[in-house]
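Novice: Structure provided below as structure tokens; questions to follow.
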Amino acid sequence: MVDEDWSITVRGTVQGVGYRPFVYRVAKELGVRGWVRNTGGDVLLRAVGPVGALRALTTALRGQAPALADVRELTVAATPAGQQPPSAFVVLDSGPPPAPGPGGSGGLGCLPPDIATCEDCLRELFDPGDRRYRYPFITCTNCGPRATIVDALPYDRARTAMAGFALCGACAAEYADPADRRFHAETVACADCGPRLSWSTDGRGGEAALAAAVATIAGGGIVAVKGLGGYQLVCDALATEVVDRLRERKHRARKPFAVMVADLAAARVLARLTPADEDLLTGTARPVVLVPARPGNGLAGGVHPGTAQLGLFLPTTALHHLLLRAVGGPVVATSGNRADEPIVTDDADAAARLTGVADGLLGHDRPIRARYDDSVARTVAGAPTLVRRARGYAPQPLDLPVPARSTIVAVGAQLKHTFTLASGRGALVGPHGGSLDDADALAAFTDSLTALCRLHDLVPRVVAHDLHPGYLSTRYAARWTVSERMPVQHHHAHVVSCAAEHGLDGPFLGVAYDGLGLGDDGTLWGGELLLATYTGYRRLARFGRAPLPGGAAAVRRPARMALGYLAGGEFPVDALTAPFVDRLDPAEVAVVRRMVARGVNCPVASSAGRLFDAVSSLLGICDHAGYEGEAAVMLESAAATCGTAASALPWRIATADGLWIYDWSPTVSAVLGATGRVPVADLAAAFHRTIVEVTVELCVRAAERTKVARVCLSGGCLANQILAAGLTGALADAGLVAYLNHAVPAGDGGISYGQAAVAAARQAGEE
Amino acid sequence: LGHGSGGQLSAALVTGVLLPALGTAAPSGPLEDAAVVPVAGVDIVVSTDAFVVSPLFFPGGDIGRLAVHGTVNDLAMRAATPVALALAYVVEEGFPLADLRRVAASAGDAARAAGVAVVSGDTKVVGRGAADGLYLVSTGIGQRLPGAAPSAAAVEPGDAVLLSGPIGRHGTAILSVREGLGFDSDITSDTRPLHRLVAAMIAAGGAGVHALRDPTRGGLASALNEIAAASGVPVEIDESKLPVPPPVAAACEILGLDPAHVANEGCLVAFVAPQQAEAVLAAMRGLPEGADAVRIGTVAGGGGEPGRVTVRTAVGSRRVLDMLVGEQLPRIC
Ligand SMILES: [Fe+3]
Ligand SMILES: [Mg+2]
Ligand SMILES: [Zn+2]
Ligand SMILES: [Zn+2]
């Protein structure tokens, strides 16, 4: 039988995940000769052998790929004649990237996210007999930094932040040994040849640096720790005084801090975990997982004030493991920044910005090449769901339902900002970047976009952006010189982000429950039911409107929003408002009423999020939001403490201009009427139930009219677990199929992905 | 048309509709408060402005004073001494004669106090509903002060950003009295002429005074953004140095306004070469209209984004200070 000679290209996340060693092992087993190497972002093989063996090889290339690999495309061609027949199978040095296509249409998906320390490395880390015993930068083919250290592709040590660390003899031997776990592990290092720790105040290194950091934390101090994608601020999570001090120094009044614990056992002490939560906690991405805290768990009151929800995560690197074991208890581990600034990545920057915040910096000499904040996730109805997508997830590409004809950049919204680069079927969603109001966050966005375009050799031809002219992302989009600009309505982008994740085709119903986004009629939207496709939408229903007295000021102050509903909402409230109004400053009430009456800086919004804010204030739960969404978070927390199944408050559906409108006035009246008589927790739960009932009614009507039974739920309000779980259950009971976001946030972090999906579909539709 | 509140949309109207209509007759260079026209070898400065303010009478002034000060100040921002003014009145039928007298007298007082003659005028009465009470149009002619040619495009890295006095008074006073918000007992308009202040600044700083602007509609934020864009430089402002009178701050807080977006009629912002900055600041403080003058920021060197204005906040972070886009719609989701 004559051997065949195939050239195979594997596309997807196939570099930095142990793919070449895997190919090597399979080829050896099958007796296939040839070679494998990284090229551009792809893996290239030449395989020579009997056709049966080659078929088995290609099957294995997909089916048995390492867990962290994501094979998206596999092409086989006959190797051009005239090449030397290989005598064995070898791993070759990376070839140059393939010549860029016309206009630079490089592929996506070659850059893997960072991977938490694996079990094997962890065992070695604490094995006194191992040569990497207690080495903080221990990694292997299966774990370690990836996206945060890459300079250029293909992913090889020479093009990473590890380039400056020449392998010692022992490490080089492991790197070259096909039988070793560190065969071609680009991050391989040891105490003799790899990165070293340093302590800022006196330059101590190694174990002494670690000991200094541990002593500082144990002594009630704050330490800035250089993590994978940025510095983190770490302190004792049990000590009230230091947690409060951290809030003061970081200028972060109330937004919850994430807590890192040594292991799952320690996590179980602090919170009630479902098996799905535990999977999420221990997964390779190691996000901060939002879970219900156990009452009386000992955490300082300042860790998560006003909410029972706790953000927990496990060590992501060997350094974190060493630190947590030495400290012994849970630590606050929060982004190293002040207020709204982006997380600090640069050492000099850390010294300048964090010196006043931290009492010492635990750094090291491996530079951070790209900024990746910690990700935040939760389980909703057993499924992992991202609230903030960054380290461990980004920049893993997501699928687009309609492939992009040319490279698209979608610039996202304003807060919780992300951008998306789309090319072909792939959508590369950049890491969470914070609020663009901050000049440094805006610069970080443009830098990160430039870096990813360069890395993947992409030149955007189309820019997709929000309708809001004041978003700094929209302003940025206006300055791009591209062939086409595509404005995408905010809530269309929200619901499309959900549909696209699930690969739906055809029309779907979109429920966008959100804070605020600019509608196509110049008013603010946020409680919308749309009949949507990827290219367009028709509005079917909305929440009743209310003025925002003072615009953004009303968002910061839910009490003022509540006054807006009572004084100038679309529907009059015929209940006794005195008990609520009397609680407020009379001068403020007078001015706000006047503003509403005269329409002074009172944009109107049909927002679900603002209604949650208002009800939170009416119930006396939160009059002033210390961070974005606090009133709704506290309302959800209050509802979660309600022991019994709540029944809904009264509600009504009105009709105007061909739209169904949720008339919230009976609901608000009932809240006002029951306050003081019915426990707040019961009312909070009843309000959630009301929104669920209203939504089901609207969706059922819409399904009858449109014959569309699939409902995509998205928008910032879907971060509310009671709402998300309640809606999916109730919609299913009504015979509809509900979808939630999982891979991208339901909030504005998912907007750019939705924009990209819309732009790609419109592009395809136009041709 | 929703282009009324100053800032980006009015700029779009000018550059998108009005200037193209002029074709080759349109002025070249950046948009300025007034134009410099060489006549027989002498630089004559010309400016015109229409005044449509509601209410016509407000704490600290009225439309007559405003029409005089507005044009005097626009001339002053090109370093010109006002020489003569022309005033046109558009009066709605039925407008009270007593009010018209009051406005005219006030305009006369303001012109006399500013030392400028009103040399020409016009009056048109239009039908009921064709105008909202009373509009004024004022045109001014001025003479260039020797040794200075400030322009929005002349700013250089390292320049000091000077502000002649507190911001936010005019806009909040007008809004408060128009809408009955009750802040006007504490806040009066800052309307006043600034040409003497400018003369003192030029005398002290000469050609080192690179740019001058009175932050009227769109407020300080618009003025800074226009200059940053015209000169292609990054501007960094120190929030703690911004003079916002406490009653203005309180009103803005409750109204949800940024004082930097609120209109002023009696202060100016100047970009001055670092060598002359102290002398100019001292000269400003020597006059009542500049008594509270303060350095609020700097034109950044290499690092910043050209055309971007940032504010260093109290906590040390840097916020992007943007121009208003139409109504101030919240950007929060
Ligand atoms: Fe949103
Ligand atoms: Mg003017
Ligand atoms: Zn490992
Ligand atoms: Zn080594």
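Novice: If I go through the stretch A:1-43 residue by residue, how many of them are over 22 Å from residue A:398 (Cβ atoms), outside any strand (DSSP E or B) and not acidic (Asp, Glu)?
Specialist: Qualifying residue count, the stretch A:1-43: 15.
Novice: Sticking with this structure for a sec: Restricting attention to the stretch A:174-192, report how many residues are within 8 Å of ligand 4 (Cβ to nearest atom) and surrounded by fewer than 16 Cβ atoms within 10 Å (Cβ to Cβ).
Specialist: Of the residues in the stretch A:174-192, 1 are within 8 Å of ligand 4 (Cβ to nearest atom) and surrounded by fewer than 16 Cβ atoms within 10 Å (Cβ to Cβ).
Novice: Within the stretch A:347-388, can you find the residues that are charged (D, E, K, R) and either under 30 Å from residue A:724 (Cβ atoms) or touching a His at 6+ places or on another chain (Cβ under 6 Å) (or both)?
Specialist: The answer is A:371, A:373, A:374, A:378, A:388.
Novice: Please work out if residue B:152 is among the hydrophobic types (A, V, I, L, M, F, W, C), over 30 Å from residue B:306 (Cα atoms) and either more than 16 Å from ligand 2 (Cβ to nearest atom) or touching a residue at least 40 places away in the same chain (Cβ under 8 Å) (or both).
Specialist: No: the conditions fail for residue B:152.
Novice: Within the stretch A:455-475, restricting attention to residues that are charged (D, E, K, R) and in contact (Cβ under 8 Å) with a residue 24 or more places away in the chain, which residue is farthest from residue A:497 (Cα to Cα)?
Specialist: Only one residue fits best here, namely A:457.
Novice: Within the stretch B:231-261, which residues are aliphatic (A, V, I, L, M) and modelled with pLDDT under 95?
Specialist: The answer is B:250, B:251, B:254, B:255, B:257.
Novice: Anything in the stretch A:450-471 that is within 14 Å of chain B (Cβ to nearest Cβ) and not hydroxyl-bearing (Ser, Thr, Tyr)? List them, or say none.
Specialist: The answer is A:465, A:466, A:467, A:468, A:469, A:470.
Novice: Could I ask something else about it? Could we say that residue B:158 is of a type in the set (Gly, Ala, Ser), over 20 Å from the mean Cα position of the chain (by Cα), closer than 30 Å to residue B:270 by Cα and surrounded by fewer than 24 Cβ atoms within 10 Å (Cβ to Cβ) here?
Specialist: Judged against the criteria, residue B:158 is a match.
Novice: Let me confirm something: among A:503, A:515, which residue is modelled with pLDDT of 95 or more and facing chain B (nearest Cβ under 9 Å)?
Specialist: Exactly one residue qualifies, and that residue is A:515.
Novice: Filter the helices (runs of 4 or more DSSP H) completely within the stretch B:217-333 down to those with at least 3 residues that are at the interface with another protein chain (Cβ under 9 Å from one of its Cβ atoms).
Specialist: B:246-255
Novice: So, one more: How many residues, within the stretch A:536-559, are modelled with pLDDT under 95 and of a type in the set (Phe, Trp, Tyr)?
Specialist: So the answer is 0.
The values are calculated or read from the model by the stated rules, or taken from the named source; none is laboratory data. Computed from a predicted model, the values in this text were never measured in an experiment. Every residue, glycine among them, receives a Cβ derived from its backbone with ideal geometry; neighbour counts consider all protein chains shown.
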